[in-house]
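Where a number appears in this text, it was derived from the coordinates with a stated rule and is not lab data. Quick caveat, the model's predicted, so the values are computed rather than measured. Please note: Cβ atoms are built from the backbone with ideal geometry, for glycine as well, and neighbour counts cover all protein chains shown.
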């Protein structure tokens, strides 16, 4: 964050506002909950937060130790105190709660859900880990409204394809595939992060996903899936059983009637026969709309 | 959208748009034409004052003593303005009458946040606050309008891996193209059954319709249908194109080479969006900005030359803009901070060359920033009229005041 938001050039007498502004706008408060004066004053508190190679370094000589006024509080604040003041704002709890709900539960959370999670976060002493643990065990998380309500991201998709089969594949290859689909690990496209949900999926990334499935299940591209598709589907005998088992493995057996019919027809057709037939069937499952939801 | 597709429908959809070919002239719109718009967005806030330089204004050099070095080697345009030294090809196009500059593009109450200002330009609404799933961009709405009149693949994003907000439509899913070789449905060719598998996957895509009322399912089915239809079209159409310009081996060069291929091949694209990032020059701006504008000039020059050689420049317009300009005064890191109004470039067919509008007054600043003299929605309206797309359907109202085309 220090590098990306130019805080390396934030010095006493030459403040750079970028870090303070994005802390408020993107990471902790959202627009409308701070003033331009808050940004200017907070920027002074972050002066001297620099880098030494890859490591954080506090350059005391570059730090502005003077008095600042942020959110109506006055003091000779340093960066840690600005962060503390920021997360104590009531808007911050709601802002974070909305982000977590949109990331894990539903793209458009209800105000009451936001309010409830914000209160849980505050009751958990603003401990993010404990709050998320509570969220991921909640009834809301397992509700019908939340079930497959979002577009699966590239990592959800590539890792999910392998793990739902109880299989293993080369992680470096999977990470490269996800990067091609728009999610390079640790490298968001901008400081704002990924837009997520529907923005994950374009016709081009859809093709990349379905082509990834073709290679993964054909044993090409260096993914080295184990066990192989043949072994995964060995227990099913008829085409319908094979289609149903493929759906069970990859999608927990939950798919629309039309999807199941289309897949059973595929399983009975020539493309699903022979040595590459099991891989073809799994490939077809990942072309279903259901395979791109989470 | 109608999701009762069969595989045959998908393939018919792929073939729906007539081929332009060497003869040009797609004429499927009643009373319409085949004009195409390319929007090239400079991400991060391009420093307009060091791009189109007000050479004769002493206040410019006084506000940015180090940055004013770019006047050496700048390309004079007349009227007291000059282009940055790196913009040789653009300067030539300006002189040849194929490029214009519109001064002072912006909007009332300028926002200094990259993300909000970018979204404001994308949505075409200065009052826009936060995007939701229902938010649409102006090119997406224009694509909706064209699709409702029979265009098959009217919009296209190039080079990004996510759909930019500007291309988000209400009903049309706009494809985004990264690399041509990825834009096809791969199959297990090793088994010699590739075509068989492709057909069978197409059957599954066409057959697996989501139940009525499932909005996300409908979206996913539409993405899949757009993808397979587009891939089929590309397979058929793109084989014949050969570039007639040398594209630089840069990020933007590769993107524009791909875009030219699509524009020339009769793929049906009427609206395209492409980006070049890195313009957020807060520190040590001179070398960074020079490299960025050099990349822009090389790639854009090649695109214009390639389209010209294929006889396609006359029906193509390229808009080059950024989410905002930069502060008039340089900062203490030899850079510039987020600003407001900035000039834009409009290149291509039928454009009235030269500088349009009134340049912002360096003596009348708003918190150190230039005041807009041209509402960007009026600029959009002029471009939409050129495309013969209903500006009110896309922008919600008429926006007069910009007259760019002869």
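At a glance:
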| quantity | calculated |
| --- | --- |
| Mean ellipticity per residue at 222 nm, deg cm²/dmol - from DSSP H runs of n ≥ 4 across chain B, formula -39500 (n - 2.57) | -10500 deg cm²/dmol |
| FRET efficiency estimate (nearest 0.05) - Cβ-Cβ, residue A:58 to residue B:288, R0 25 angstrom | 0.35 |
| Expected-Rg normalisation [2.2 N^0.38 Å, Cα atoms] applied to the stretch A:50-130 | 1.44 |
| On Cα atoms only, tilt of B:215-237 relative to the major axis of chain B in degrees | 90 |
| Likely footprinting exposure, B:255, A:12, fewest C-beta neighbours within 10 Å first | A:12, B:255 |
| Cα centroid separation, the stretch A:143-189 to the stretch A:199-232 (Å) | 11 |
| Ratio of the Cα radius of gyration of the stretch A:188-252 to 2.2 N^0.38 Å, where N counts its residues | 1.50 |
| Rg and Dmax of the stretch A:224-271, Cα atoms only, in Å | 10.9, 32 |
| Residue-averaged [θ]222 nm for chain A, counting only DSSP H segments that reach four residues, each worth -39500 (n - 2.57) | -13500 deg cm²/dmol |
| Convex hull volume per residue in cubic angstrom - Cα atoms of the stretch A:211-294 | 89 |
| If the convex hull is drawn through the Cα atoms of the stretch A:100-248, its volume per residue in Å³ | 150 |
| The stretch B:271-406: mean projected area of Cα convex hull, nm² | 9.4 |
| The protein assembly as shown - share of DSSP beta bridges that are antiparallel (%, nearest 5) | 55 |
| Helix A:203-218 axis, angle to chain A major axis (alpha carbon atoms, nearest 10°) | 50 |
| Under the Debye formula (equal points on every Cα, no solvent term), log10 I(q)/I(0) of the stretch B:229-281 at q = 0.13, 0.25, 0.26, 0.32 Å⁻¹ | -0.39, -1.06, -1.10, -1.27 |
| Cα-Cα separations in chain A greater than 33 Å, expressed as whole percent | 41 |
| Quotient of C-alpha Rg and 2.2 N^0.38 Å, computed over chain B | 1.01 |
| Bins of 10 Å, starting at 0 and running to the largest distance - Cα pair percent for the protein assembly as shown | 3, 14, 23, 24, 20, 12, 4, 1, 0 |
| Angle in degrees between helix B:376-387 and the longest Cα principal axis of chain B, rounded to the nearest 10 | 50 |
| Pairwise FRET efficiency - residue B:179 versus residue B:406, Cβ, R0 = 25 Å, nearest 0.05 | 0.10 |
| Cα convex hull volume per residue for the stretch B:354-394 (Å³) | 81 |
| Additional length obtainable on full extension of the chain from residue A:1 to residue A:122, 0.36 nm per residue less Cα span | 41.0 nm |
| Quarter of Cα convex hull surface for the stretch A:8-163, i.e. mean projection, nm² | 11.7 |
| Contour minus Cα-Cα distance for residue A:192 and residue A:132 (0.36 nm per residue) | 19.5 nm |
| R0 of 51 Å, Cβ-Cβ distance residue A:67-residue A:235: FRET efficiency to nearest 0.05 | 0.10 |
| Bridge type composition, the stretch B:43-201 - antiparallel percent by DSSP, nearest 5 | 75 |
| All-pairs Cα distance distribution in the stretch B:116-159, expressed in whole percent, bin size 10 Å | 27, 44, 26, 2 |
